[in-house]
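Asks: I'd like to ask you about the structure that follows.
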Amino acid sequence: MDSPLRLIAANPVDHLARTVEALLVVASAPLSAGELAEAAGDDSERVETALGLLFERYREGRSGIVLERVAGGFAFRASREAADACARLFERPVERGLSQAALETLAIVAYLGPCSRPEVARIRGVAADSAVASLVERGLITEAGRESGPGGAVRYRTTPLFERVFGLESLATLPRLDDLGDDVGEIRSRLLEVAEARAS
């Protein structure tokens, strides 16, 4: 009679789950089910089944690493209980030390992007050159074309790294402006004004 371990090893979905697991470990960015299927040489439906096995295996409280759906794909991250130890081991310049100006600029680009430096400056009421340059350098925003007309300003949008750093499945999962609270009231009001102006 076959042992349970031999039966598990013979399970083709479990074999695919191990392949998907390896792909996620070596990937430098989240991978979609389609990208995983292409790399694994398998179909997306079976990859989704394999991901289900991995979600169970790598859930919060069960493992030191956690599989999450983020930035339009799937990726591993450190569990909450291991996060402090990981932070001590590695420098994390993307997440550390964002100034208030950079955070406000990032919020504007996330909610209204693509948008230009002049537009960010108009919303914040101060120049945005330094904040935009810092966010580009950290890989949280990137160029997304130019405004129409001669000498059009460069427009910026957030990157998949932004979604991954902030644990967002996509920009659609950003909190609604109405839910941001009073602590960012002025910026929130300006964002709403610009959003309304764009819609009209």
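The values are calculated or read from the model by the stated rules, or taken from the named source; none is laboratory data. Keep in mind the model is a prediction, meaning the values are calculated, not measured. Cβ sites come from the backbone with ideal geometry, for glycine too, and all protein chains shown count toward neighbours.
Asks: Look through Arg146, Arg157, Arg138, Arg124 and report the one residue that is at pLDDT 80 or above, of a type outside the set (Val, Ile, Thr) and closer than 27 Å to Ala83 by Cα.
Replies: Sole residue among the options that is at pLDDT 80 or above, of a type outside the set (Val, Ile, Thr) and closer than 27 Å to Ala83 by Cα: Arg138.
Asks: Test of understanding: among Ala75, Ala85, Ala33, Ala40, which residue is surrounded by 14 or more Cβ atoms within 10 Å (Cβ to Cβ) and more than 25 Å from Ala110 (Cα to Cα)?
Replies: After ruling out the rest, the residue left standing is Ala40.
Asks: Please go through segment 61-72 and give me each residue that is loosely packed, with under 13 Cβ neighbours inside 10 Å and of a type in the set (D, E, K, R), ordered by number.
Replies: Arg62 - this is the single residue of segment 61-72 that is loosely packed, with under 13 Cβ neighbours inside 10 Å and of a type in the set (D, E, K, R).
Asks: Can I ask one more? Among the listed residues Arg62, Arg92, which satisfies the condition of being assigned to a loop (DSSP other than H, G, I, E, B), at pLDDT 85 or above and either closer than 15 Å to Arg138 by Cβ or not acidic (Asp, Glu) (or both)?
Replies: Arg62
Asks: If you don't mind, another one. Please find, among Pro12, Pro30, the residue that is in contact with a helix residue (DSSP H, G or I) (Cβ under 9 Å, 6 or more places away or on another chain) and either more than 22 Å from Arg164 (Cβ to Cβ) or hydroxyl-bearing (Ser, Thr, Tyr) (or both).
Replies: Checking each option against the conditions leaves just Pro12.
Asks: Here is a follow-up. Are there helices (runs of 4 or more DSSP H) fully within segment 1-56 with at least 2 residues that are more than 20 Å from the chain's Cα centre (by Cα), over 25 Å from Thr159 (Cα atoms) and at pLDDT 90 or above? List them.
Replies: Qualifying helices (runs of 4 or more DSSP H): 12-26.
Asks: Another question, then. Identify all residues within segment 155-171 that are more than 13 Å from Val109 (Cβ to Cβ) and surrounded by fewer than 17 Cβ atoms within 10 Å (Cβ to Cβ); write none if there are none.
Replies: Scanning segment 155-171 gives Gly167, Glu169, Ser170.
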